[in-house]
Amino acid sequence: MEPKSLLKLLVETESPSHDKAAVDRLGAIVAEEARKLSAQIEIISNAETGNHVLARFFPSAGAVSFPASAPVLLLCHMDTVFPLGTINRFPYPEAGEKILGPATLDMKAGIVIALGAIEAAQKSGLNRPVTLLCTSDEEIGSHTSREHIERLAAESALVLVLEGALPDGSLKTWRKGVGEFRVKAKGRAAHAGGDHEKGHNAIEEMAHQVIAIQKLTDYSKQTTLNVGVIKGGTVSNVVPEEAEIHVDVRVMQPGEWERLVAEMQNLKPVLDGTALEITGALNRPPMPFDETMKATFERAKSIAAKISMELTAGGTGGASDGNFVAPLGIPVLDGMGAVGEGYHSEREYIFTNSMEQKAGLIASLLCNW
Ligand SMILES: [Zn+2]
């Protein structure tokens, strides 16, 4: 299908992460498009979230190279943060150089680019296998897709993540790791008027903890903590028995997550008669701009130069499935999708011409890596 028509179809087939039927509808379209390019399709079924679509493309018999090369893995996700019906308020118009619409950038244009790149590479005699994995749960932590991402990355020579590029077109060559802590404070309920002194106020306790946790942020180490959710209490005339916070954590440097775990485990209640319960997990490890990343970027840059494209490198505090690949030591490049802005908002758009440019770049990487 012509890229813009395919993008329109993918954007209009809304696919919020938590709606299995919706994501599966999108998966069926993606599988069909991949079949048109002679892919071998495996649907990895999933009970809770949408199925993952795994498409393997093999070189035509005449084009096989010896020794056989390892595949390049193209990593896309099909789920979005937008609930069904967003498209009615925020439709898909082409506005001059831009295309708007929910999840255009993150990352339905990425899927279009991946398929376009494979098609272009096949036309110029692709002589290596290519694997395309389109997952269903990236926006909610990749809990069911992670094992497949890691397994397929481990057998690949290069992994390209089709998330949007930075607004200036730069690739994402570093990403922070992301984790979450949850803290519960437990106190003792009492009547706020008659028995105030007998209560232990869990919200007051939590207020002390919130300040302490925010202070663990260290910009000099690129470590941030954000108490993003707070809840507690029932009604104003009861001393609250419980309060809870959710804390987003971003780390870049080795050892920082471990430092934070130790600090969090050391938190002690400030008030008499209250207790704390602390849990946490690192969802995605950091993807640092290390030696492997430098070498990968430089090689991609020289391949891009041959088609007169200048690649630039940047990074972001946001994490992606690329974060799972980097610690395996497999070369990975992220931000290989469209160029645009407005992630996760109703201002999301891509620059139309970036689809063709990125498909050309990826085709050239597939043929020359
Ligand atoms: Zn994304």
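The values are calculated or read from the model by the stated rules, or taken from the named source; none is laboratory data. Bear in mind the structure is a predicted one, so any value in this text is a computation, not a measurement. For neighbour counting, all protein chains shown are included, and Cβ atoms are generated from backbone atoms with ideal geometry for every residue, glycine included. Heads up: the accessible areas ignore ligands, DNA and RNA and are worked out on the full protein's heavy atoms, side chains in. Shrake-Rupley method; radii C 1.70, N 1.55, O 1.52, S 1.80 Å.
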Could you pull out every one of the strands (runs of 3 or more DSSP E) wholly within the range 1-93 that has 1 or more residues that are among the acidic types (Asp, Glu)? 40-44
Positions within the range 22-43 being over 24 Å from residue 124 (Cβ atoms), out of contact with any Gly (no Cβ under 8 Å at 6 or more places or on another chain) and either buried (at least 18 other Cβ atoms within 10 Å of the Cβ) or among the small types (Gly, Ala, Ser) (or both), in sequence order: 28, 29, 31
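For the range 301-314, what are the residues that are open to solvent by less than 20 Å² (accessible area, probe 1.4 Å) and within 25 Å of residue 179 (Cα to Cα)? It would help to see each step written out before you state the result.
Taking the range 301-314 first, the residues open to solvent by less than 20 Å² (accessible area, probe 1.4 Å) are 303-304, 311, 314.
Selection gives 314 alone.
Right, residue 57: of a type in the set (Phe, Trp, Tyr), out of contact with any Asp or Glu (no Cβ under 8 Å at 6 or more places or on another chain) and open to solvent by less than 60 Å² (accessible area, probe 1.4 Å) or not? Before you say what the answer is, go through the steps one by one.
Values: of a type in the set (Phe, Trp, Tyr): yes; out of contact with any Asp or Glu (no Cβ under 8 Å at 6 or more places or on another chain): yes; open to solvent by less than 60 Å² (accessible area, probe 1.4 Å): yes.
So residue 57 passes the test.
Against the definition (more than 16 Å from the ligand (Cβ to nearest atom), open to solvent by 40 Å² or more (accessible area, probe 1.4 Å) and modelled with pLDDT under 95), how does residue 168 come out, yes or no? Walk me through how you get there before you give the answer.
Details: more than 16 Å from the ligand (Cβ to nearest atom): yes; open to solvent by 40 Å² or more (accessible area, probe 1.4 Å): yes; modelled with pLDDT under 95: yes.
Judged against the criteria, residue 168 is a match.
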Can you pull out every residue in the range 81-111 that is within 14 Å of the ligand (Cβ to nearest atom) and on the phi < 0 side of the Ramachandran plot? 81, 82, 102, 104, 105, 106, 107, 108, 109, 110, 111
Just the residues that are surrounded by 21 or more Cβ atoms within 10 Å (Cβ to Cβ) and touching a Lys or Arg at 6+ places or on another chain (Cβ under 8 Å), please, taken from the range 4-21. 7, 10, 11, 15
Go through 314, 322 for me and flag whichever is touching a strand residue (DSSP E or B) at 6+ places or on another chain (Cβ under 6 Å), modelled with pLDDT of 95 or more and either within 20 Å of residue 158 (Cα to Cα) or within 16 Å of the ligand (Cβ to nearest atom) (or both). 322
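Only one of these is open to solvent by 50 Å² or more (accessible area, probe 1.4 Å), under 20 Å from residue 154 (Cα atoms) and in contact (Cβ under 8 Å) with a residue 12 or more places away in the chain: 289, 351. Name it. Give the derivation first.
Details: 351 fails: under 20 Å from residue 154 (Cα atoms).
So the residue among 289, 351 that is open to solvent by 50 Å² or more (accessible area, probe 1.4 Å), under 20 Å from residue 154 (Cα atoms) and in contact (Cβ under 8 Å) with a residue 12 or more places away in the chain is 289.
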Within the range 118-137, is there a residue that is surrounded by 22 or more Cβ atoms within 10 Å (Cβ to Cβ), away from the ligand (no atom under 16 Å from the Cβ) and within 15 Å of residue 27 (Cβ to Cβ)? no
